[in-house]
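Everything on this sheet refers to the single structure shown next.
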Amino acid sequence: MALVSTTREIETMGNAPQVLNNSEDGGPAASRGRVLVRGLLKSFGETHVLKGVDLDIRAGEFITVLGPSGCGKTTLMRIIAGLERQDDGSVEIDGRPVDALRPDERDIAMVFQSYALYPHMTVAENLALPLRMRRLRWRQRLPGMGWIDSATRANARQITARVREVAAQLQIEPLLGRKPAQLSGGQKQRVAVGRAMVREPRVFLMDEPLSNLDAELRVHMRAEIAQLHRRLGVTFIYVTHDQAEAMTMSDRVVVMVEGRLLQFASPGTVYADPADLQVARFVGSPRINTLQGRVTARGTIEVGAHEVAVATGLAAGAPLTLALRPSATQASPDVGVRGLPAHIVHRENLGSDLFLHCRAEGVEALLIAREDPLHIDRFAVGTAVRIALPPEHLLLFDQSGQRIRPAAAQAAQTAS
């Protein structure tokens with residue numbers, strides 16, 4: 001998208017400014033910014049981008065929409081913003097339908113991946129622009145016209161005060177006289193966020209705002225954005241394909257794949273209790289281990305020549321996929337240990353963790369096990385090991401990728 005059109009979109013977003021609650025204890029701001037999405041459908045020609053997305057985002061939450069490129073997450077964001085029209089479904093903000101409203105009537109602010117700063121304006125002018133566009137008539141915005149009347153001068157003073165307030169919050173006061181070409185990537189990102197903040201919107205929308213930054217600066221900006229959310233107490237909807245951003249900043253994570261919402265839960269739940277095999281594979285680094293198994297006549301699971309004592313409740317012969325996080329995968333050079341026979345084909349020593357990539361008999365993909373780096377001498381490449389599959393850590397999925405709960409767990413859930 002061209003800079004001019006992107007910036008015009010930004011300028012139109014948000015209604016008359018309202019006072020935010022900057023305390024961390026929840027207060028008035030915590031009651032603003034609930035976003036309800038029902039049955040969103042969107043296609044571009046023959047490509048179905050959104051396939052019936054439903055969301056209920058609580059006021060004041062930090063929500064991350066996580067998914068691979070092309071999954072529909074940016075389209076979802078743009079529909080909430082009013083920059084795209086859905087084919088079907090509805091969007092509400094604080095109980096008010098907004099489908100028929102223009103972006104400037106929705107009381108939201110959006111931070112784009114490209115920052116979209118005017119290169120010929122100073123930082124102060126970039127920050128002030130949304131307020132000048134909203135509060136001053138076009139004649140009053142002309143150079144040298146601020147002396148016309150007292151109301152214009154009062155508005156100009158209020159805009160200047162608000163710009164300095166936001167600059168102080170983001171610690172960019174020394175940059176107010178600079179132009180974007182004189183700023184680093186992190187400084188440009190702060191200015192882009194500041195331009196959204198000056199409007200004091202109900203909802204912040206952020207579309208992969210850190211993707212242009214280097215790795216070290218991304219880590220720093222993640223913490224800054226999370227702290228900003230806590231100070232402002234308003235709803236943040238943040239789009240990313242980076243699971244580290246989603247897992248470290250969010251109250252809840254929306255996982256999308258191919259236009260469908262697969263899971264909407266806390267970061268811990270998405271990691272430890274994925275509802276779908278695609279979620280399990282997408283979230284977590286290193287990737288989750290997956291193995292193909294089959295239910296035996298005794299109701300246990302057979303993986304290659306190894307049998308796992310997990311009661312699935314499925315009929316004998318039913319195929320299924322077992323998944324196991326590397327942190328729960330155990331590799332032992334002791335051949336007397338019960339498990340899948342395997343050998344080490346690669347080691348990754350990351351200092352705090354040692355990851356062993358193992359080729360197991362009867363398993364197509366390599367299995368990854370985490371070990372203490374202090375034991376690296378025990379695990380040379382080529383070493384024969386046994387891969388244990390602890391039943392308590394196994395995640396089971398049917399052929400369609402849906403989660404299967406072991407019979408004992410299902411009974412416990414029913415009883416509770």
**Asked** So residue 364 clears everything in (1) in contact with a strand residue (DSSP E or B) (Cβ under 7 Å, 6 or more places away or on another chain); (2) closer than 20 Å to residue 383 by Cα; (3) in a loop (DSSP other than H, G, I, E, B); (4) of a type outside the set (Gly, Ala, Ser) except one condition, right? Which one?
**Response** (1)
**Complete:** Reported set for region 376-394 where residues are of a type outside the set (D, E, K, R), surrounded by 12 or more Cβ atoms within 10 Å (Cβ to Cβ) and not in a strand (DSSP E or B) is 376, 379, 383, 389, 390, 391, 393, 394
**Prompt:** So which residues in region 302-337 are modelled with pLDDT of 90 or more and of a type in the set (Val, Ile, Thr), if there are any at all?
**Reply:** 321, 329
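What number of residues within region 28-73 satisfy the criterion of being of a type in the set (S, T, N, Q) and either surrounded by 22 or more Cβ atoms within 10 Å (Cβ to Cβ) or not assigned by TED's automatic domain parsing to the domain that holds residue 250 (or both)?
Residues meeting the conditions: 1.
Residues checked against (1) in a helix (DSSP H, G or I); (2) modelled with pLDDT under 95; (3) under 30 Å from residue 131 (Cα atoms):
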{"residue": "21", "(1), (2), (3)": "no, yes, yes"}
{"residue": "26", "(1), (2), (3)": "no, yes, yes"}
{"residue": "43", "(1), (2), (3)": "no, no, no"}
{"residue": "52", "(1), (2), (3)": "no, no, no"}
{"residue": "69", "(1), (2), (3)": "no, yes, no"}
**Request:** Kindly establish whether residue 205 is within 12 Å of the chain's Cα centre (by Cα) and within 14 Å of residue 111 (Cβ to Cβ).
**Result:** yes
**Prompt:** When you go through 236, 204, 264 one by one, which is the residue that is of a type in the set (Phe, Trp, Tyr), modelled with pLDDT of 90 or more and either outside the structural domain of residue 52 (by TED's automatic domain parsing) or within 30 Å of residue 404 (Cβ to Cβ) (or both)?
**Reply:** 264
**Prompt:** In this structure, does residue 302 turn out to be touching a Leu at 6+ places or on another chain (Cβ under 9 Å) and charged (D, E, K, R)?
**Reply:** no
**Message:** Can you find a residue that is of a type in the set (Gly, Ala, Ser), within 23 Å of residue 283 (Cβ to Cβ) and in the same structural domain as residue 293 (by TED's automatic domain parsing) anywhere in region 367-382?
**Reply:** yes
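Is region 323-330 home to any residue that is farther than 25 Å from residue 380 by Cα and outside any loop (DSSP other than H, G, I, E, B)?
Checking region 323-330: at least one residue is farther than 25 Å from residue 380 by Cα and outside any loop (DSSP other than H, G, I, E, B).
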**Message:** Against the definition (surrounded by fewer than 22 Cβ atoms within 10 Å (Cβ to Cβ) and over 18 Å from the mean Cα position of the chain (by Cα)), how does residue 124 come out, yes or no?
**Reply:** yes
**Odd one out for residue 148, checked against (1) at pLDDT 85 or above; (2) farther than 20 Å from residue 117 by Cβ** = (1)
**Item:** Where a residue in region 348-364 is closer than 11 Å to residue 304 by Cα and its partner, wherever it lies, is surrounded by 19 or more Cβ atoms within 10 Å (Cβ to Cβ), with Cβ under 7 Å and at least six apart
**Value:** 360/340; 360/342; 360/367; 360/387; 361/340; 361/342; 363/291; 363/340
**Request:** Determine the pairs where a residue that is crowded, with 19+ Cβ neighbours inside 10 Å, located within region 320-336, has a partner that is polar (S, T, N, Q) and not in a helix (DSSP H, G or I) with Cβ atoms under 6 Å apart, the partner being 6 or more residues away or on another chain.
**Result:** 323/290; 324/289; 329/289
**Request:** Keeping to region 79-136, report how many residues are part of a helix (DSSP H, G or I) and closer than 19 Å to residue 54 by Cβ.
**Result:** 3
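The values are calculated or read from the model by the stated rules, or taken from the named source; none is laboratory data. Bear in mind that the values here come from a model prediction, so they are computed numbers and not experimental data. Every residue, glycine as well, gets a Cβ built from its backbone with ideal geometry; the counts of neighbours run over all protein chains shown.
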